[in-house]
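Engineer: Let me give you the structure first, and then I'll get to my questions.
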Amino acid sequence: MTRRKFRFSRKAFAYPYMLFMLLFVVVPLVIVLINAFLGDDGKLTFENFAEFFSDAGGGLTVLGNSLIIGLVTTLICLAIGYPCAYLLAKYHASNKVLVLLFILPMWVNFLIRTLSTKAIFMALDVKLGMGTVLFGMVYNYLPYMILPLHTTLVSVDHSYIEAAEDLGADRFTVLLKTVLPLSVPGIISGITMTFIPAISTFAISEILSSSKIFLFGDAINMHFSKATNSFGVGSVMSLVMLLLVIVANVLVSLTDKEEVKSVL
């Protein structure tokens, strides 16, 4: 009898990843989906959806507040991040240490960064509230805005900039009509990477406001806690958050395609 030698194929290396995704992504999502349609008695019901969308539940109010805070955070990050990314891209070849300094906070756990920020506010006797929450969210999510912008701006072909300058455009016109349109994919990517985590966060708002500000992530965490034990409503809110993520990704992909067509 001849023994067949065992050979690794490319598909074999994907099996562990597929198993991991099945156990820790697909199965939890299925459990959340099932809990969304189960009542306290274990029977199928739509009461969880009714409680979330009702005025008494307050789910839509919390979602609206989270969307507003997430939008404000994203706009602040964009206003600060774009000039920083532009300067980093401009001096990227000569000084890569600056890029490292902006990426360095991402190596530290965001919970440690948030607790450290709270300690600084307490030492300075700053009252915790909306201002401190916005500061903490901008501080934590600003690198996620700068990184895709920097990557896009570094890859911009300098021949376009040189052509605009040869045609008589000043620096501001070059930035507004040449660099800015070419960096739109990075702007969209940065907005997505900042906005989605900002509306779903709960640790930052809880720590930097002493639980005074209640966001969508806080509501989900509360419904899944042992004290509340309302997994059905929490599952519905998780599905709503998942839907927002899917819609955001679809809009990003559509916008990227339209931007590529417009550039070509």
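The values are calculated or read from the model by the stated rules, or taken from the named source; none is laboratory data. As the structure is a prediction and not an experimental result, all values here were calculated from the model. No Cβ is skipped: glycine too gets one built from the backbone with ideal geometry, and neighbour counts run over all protein chains shown. When the accessible area is computed, the model is the full protein with side chains, heavy atoms only, and any ligands, DNA or RNA have been set aside. Shrake-Rupley method; radii C 1.70, N 1.55, O 1.52, S 1.80 Å.
Engineer: Between residue 101 and residue 50, what FRET efficiency follows from the Cβ-Cβ distance if R0 is 41 Å, with the result rounded to 0.05?
Structural biologist: Using R0 = 41 Å, I get an efficiency of 0.25.
Engineer: Report, to the nearest whole %, how much of the accessible area of the chain belongs to carbon and sulfur atoms, 1.4 Å probe, protein only. Please list the in-between numbers first.
Structural biologist: On the way: 11730 of 17030 Å².
Result for the chain: 69 percent of the exposed heavy-atom area is carbon or sulfur.
Engineer: Once Rg and Dmax of the Cα atoms in Å is worked out from the coordinates, which option in [x] 23.2, 81; [y] 22.0, 75; [z] 29.0, 116 does it equal?
Structural biologist: So the calculated entry is the one marked [x].
Engineer: For the chain, what does -39500 (n - 2.57) per DSSP helix run (n ≥ 4), summed and divided by total residues, give at 222 nm, in deg cm²/dmol to the nearest 500?
Structural biologist: -22000 deg cm²/dmol
Engineer: So what is the accessible area of the chain per residue, in Å², with the probe set to 1.4 Å?
Structural biologist: 64 Å²
Engineer: Same structure, new question: From the protein chains alone at 1.4 Å, what is the descending order of accessible area for 171, 10, 113, largest first?
Structural biologist: 10, 171, 113
Engineer: Just to be sure I understand the model, the point goes 7 Å from the Cα along the line to the Cβ. What's the resulting residue 17 to residue 126 distance in nm?
Structural biologist: 4.1 nm
Engineer: Working out 0.36 nm times the residue gap between residue 156 and residue 225, then minus their Cα-Cα distance, what length gain in nm do you get to one decimal?
Structural biologist: Working it through step by step, the gained length comes to 20.1 nm.
Engineer: With an 8 Å cut-off on Cα pairs and a minimum separation of 6 or more residues, tell me the relative contact order of region 63-153 in percent.
Structural biologist: Answer for region 63-153 is 56 percent.
Engineer: Here's something else I'd like to know. Which value, in Å² and to the nearest 10, is the accessible area of residue 31 when all protein chains are kept and the probe is 1.4 Å?
Structural biologist: Accessible area, nearest 10 Å²: 90 Å².
Engineer: When only C-alpha pairs under 8 Å and at least 6 residues apart count, what is the relative contact order of the chain, in percent?
Structural biologist: For the chain, the relative contact order is 26 percent.
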